[in-house]
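Below you'll find the structure, written out as structure tokens, and then a few comments.
Every number in this text was worked out from the coordinates using simple rules, so none of it is lab data. What you see is a predicted model; the values in this text were computed from it and never measured. Note that we place each Cβ from the backbone using ideal geometry, even for glycine, and neighbour counts take in every protein chain shown.
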Amino acid sequence: MNPAPSAAEAREFGPGGGDSLDPIAAALREHGYIVLPAPLPPALLGALLRHFKSIDRERFRRAGIGRHEDLQLNRFVRTDEIFWLDKSNPAVSAYLDWAEALRLGLNRRLFLGLFDYECHYAHYDRGAYYKKHLDAFKNGTNRVVSTVLYLTPNWQPQDGGELVIYPPEGSGEEPLIRVAPRFGQMAIFLSEEFPHEVLTVHRPRYSVTGWFRVNNSLGETIDPAR
């Protein structure tokens, strides 16, 4: 597999991003992943971080593996905590508008049939991790494109918590890329193709993790977001 384009090759964009969506779509088509250095304006990133930190930790819940009746809590696999997001906060609403523009743009360019976007804040405390896994669920996965937006200010290499993306299963064990959780950086990749992990964190790590989904429902019932 050829290396994905460097982050500098993807131009900034926001809601209604026009041609700046083209490098992202091209990278997903050719490589399946891309890392963007700063796709969102600093003011919005700051507002998201302030909202993240304003939420009482008791409202976060331990993250699980799987969904619905298959959901399991397994601290040998992951130890992060999550808080699901909606449009009730202005900063989150602006971010979700941005994601909607991306969804529409990817559908126009790649014909992915992306139906909606779900996301949550992910809090990794010191010593937290997420072992190697796929963003795909048994019995009807519907997550197609994964996104991780980093909100950890002043990240340094000794802080840990890098996202390690591996080749598709059967294509080798050496990592394709290590993504530093620098403030404002975003990774986008195909959910069902790339195993990945979050390395052990040595200081609190903040991110917005999300997935563009297709609708697996039958008839007139809409597949629930979570």
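By per-residue mean of other Cβ atoms within 10 Å, what is the highest-first order of 100-108, 50-58? List each step's numbers first, then the result.
Details: 100-108: 17.6, 50-58: 12.0.
Output ranking for 100-108, 50-58: 100-108, 50-58.
How much length would be gained if the chain were fully extended between residue 29 and residue 87, taking 0.36 nm per residue of separation minus their Cα-Cα distance, in nm to one decimal?
Details: separation 58, 0.36 × 58 = 20.88 nm, distance 3.01 nm.
Between residue 29 and residue 87, full extension yields 17.9 nm more.
For residue 111 and residue 125 in the same chain, what is the full-extension length gain: residue separation times 0.36 nm, less their Cα-Cα distance, in nm? Walk me through the numbers on the way to the answer.
Working: separation 14, 0.36 × 14 = 5.04 nm, distance 3.81 nm.
Value of the extension gain: 1.2 nm.
By how many nm would the segment from residue 200 to residue 180 grow when fully extended, if each residue of separation counts as 0.36 nm and the alpha-carbon distance is taken off?
Values: separation 20, 0.36 × 20 = 7.20 nm, distance 1.24 nm.
Once the chain is fully extended between residue 200 and residue 180, it gains 6.0 nm.
Rounded if a/c is under 1.5, else prolate if a/b is larger than b/c, else oblate: which is segment 91-153, with a ≥ b ≥ c the root eigenvalues of its Cα gyration tensor? Please list the in-between numbers first.
On the way: a/c = 2.60, a/b = 1.29, b/c = 2.01.
It comes out oblate by the Cα gyration axes.
Starting at the first residue of segment 48-56, write each ³J(HN,Hα) from the Karplus equation 6.51 cos²θ - 1.76 cosθ + 1.60 with θ = phi - 60°, in whole Hz, x for Gly and Pro.
Each residue's phi maps through the Karplus curve to give 5, 5, 4, 5, 3, 6, 7, 7, 4 Hz.
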